[in-house]
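Student: Before we start, here is the structure in question, set down as structure tokens.
The values are calculated or read from the model by the stated rules, or taken from the named source; none is laboratory data. Everything numeric here is computed off the predicted structure, so don't read it as measured data. Cβ placement follows ideal geometry from the backbone for every residue including glycine, while neighbour counts extend to all protein chains displayed. Quick note on the areas: whole protein, heavy atoms, side chains included, nothing else; ligands and nucleic acids left out. Shrake-Rupley method; radii C 1.70, N 1.55, O 1.52, S 1.80 Å.
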Amino acid sequence: MPKVPQQYLEARRRGILAAAQRCVSRNGVQGTTMRDICRAANLSPGAIYRYFDGKEQILGALAEQRQVQIRDFFGQMKSTNSARALADAVTQLAADLDSKAASDGLRLDLHLWSRALKSPEVAAALGPGLAGAVQAVDDSLGSERPSGTGRLIVALLQGLALHKALDPELDLDKLGPAIKNLLGS
């Protein structure tokens, strides 16, 4: 039997995760079954189980994937040595939450955050991503900012993400002046 190329296996795995993300974003964790994921990925259950042991492992992989995206999102902050540069960077990140891709990701985040309360696998996948996001912000701030500033900024943006997911009509661009005022710009 010929060996399946690694690129094919990785592409298939990404396809399963994309299907799972669509299902969970739309129906939530409880409302998504393995059968739903199989149908969305256009694969048989046997094919899915070749890549994942079950739904919890898929959710853990989704959480890991999402954390990389979030760390990269926060990594957009460049060196922000002034209060104005910090406020501008945070305002831009908040405005970026208005995109369609961000909206779909925010819905997934809400479901994964909720699941993390009951699933050690999902919680374990989310923890390093949060730490990575805080570290990315801290790295951009330099050493002149008070300790905890990076965590505060991540929490602020997570709160805005939650509000945006719950109220898609929320115009985050209008919050720019308030964010700048809060951050001392």
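Student: Considering only residues that are touching a helix residue (DSSP H, G or I) at 6+ places or on another chain (Cβ under 7 Å) and open to solvent by 40 Å² or more (accessible area, probe 1.4 Å), look in the stretch 78-102 and name the one that is nearest to S143 (Cα to Cα).
Tutor: Here the answer is S79.
Student: Is it the case that the stretch 12-21 has a residue that's open to solvent by 20 Å² or more (accessible area, probe 1.4 Å), touching a residue at least 40 places away in the same chain (Cβ under 8 Å) and under 21 Å from A102 (Cα atoms)?
Tutor: For the stretch 12-21, residues open to solvent by 20 Å² or more (accessible area, probe 1.4 Å), touching a residue at least 40 places away in the same chain (Cβ under 8 Å) and under 21 Å from A102 (Cα atoms): present.
Student: Right, here's the next one. Note down all Cβ pairs under 7 Å where the first residue falls in the stretch 136-153 and is among the polar types (S, T, N, Q), the second is in a helix (DSSP H, G or I), and they're at least six residues apart or on different chains.
Tutor: T149/L141
Student: If you take the residues of the stretch 103-120 that are over 20 Å from F74 (Cα atoms) and buried (at least 19 other Cβ atoms within 10 Å of the Cβ), which of them is farthest from the chain's Cα centre (by Cα)? Quick ask: steps written out before the conclusion?
Tutor: So in the stretch 103-120, the residues over 20 Å from F74 (Cα atoms) come out as 111, 114-120.
Then keep just the ones that are buried (at least 19 other Cβ atoms within 10 Å of the Cβ); that gives 111, 115-116, 119.
Values: H111: 11, R115: 14, A116: 13, S119: 17 Å.
Among those that are over 20 Å from F74 (Cα atoms) and buried (at least 19 other Cβ atoms within 10 Å of the Cβ), it is S119.
Student: Pick from the stretch 137-164 the residues that are small (G, A, S) and open to solvent by 20 Å² or more (accessible area, probe 1.4 Å): which of them is nearest to L106 (Cα to Cα)?
Tutor: G159
Student: Give me a count of the residues in the stretch 43-66 that are more than 15 Å from R115 (Cβ to Cβ), open to solvent by 50 Å² or more (accessible area, probe 1.4 Å) and touching a helix residue (DSSP H, G or I) at 6+ places or on another chain (Cβ under 8 Å).
Tutor: Residues that pass the stated criteria total 2.
Student: Pick out the one residue from A161, A155 that is assigned to a helix (DSSP H, G or I) and either within 16 Å of Q92 (Cβ to Cβ) or among the polar types (S, T, N, Q) (or both). Steps first, answer last, please.
Tutor: Details: A155 fails: either within 16 Å of Q92 (Cβ to Cβ) or among the polar types (S, T, N, Q) (or both).
Exactly one residue qualifies, and that residue is A161.
Student: Condition first: in contact with a Lys or Arg (Cβ under 9 Å, 6 or more places away or on another chain), closer than 30 Å to E144 by Cβ and either in contact (Cβ under 8 Å) with a residue 24 or more places away in the chain or not acidic (D, E) (or both). Can you find one or more residues in the stretch 70-80 that meet it? Outline the logic, then answer.
Tutor: In the first step, residues of the stretch 70-80 are kept if they are in contact with a Lys or Arg (Cβ under 9 Å, 6 or more places away or on another chain); the result is 80.
Now narrow it down to the ones that are closer than 30 Å to E144 by Cβ: 80.
Narrowing further to those that are either in contact (Cβ under 8 Å) with a residue 24 or more places away in the chain or not acidic (D, E) (or both): 80.
So far as the stretch 70-80 goes, yes, one or more of its residues are in contact with a Lys or Arg (Cβ under 9 Å, 6 or more places away or on another chain), closer than 30 Å to E144 by Cβ and either in contact (Cβ under 8 Å) with a residue 24 or more places away in the chain or not acidic (D, E) (or both).
Student: Can you find even one residue in the stretch 119-126 that is modelled with pLDDT of 85 or more and acidic (D, E)?
Tutor: yes
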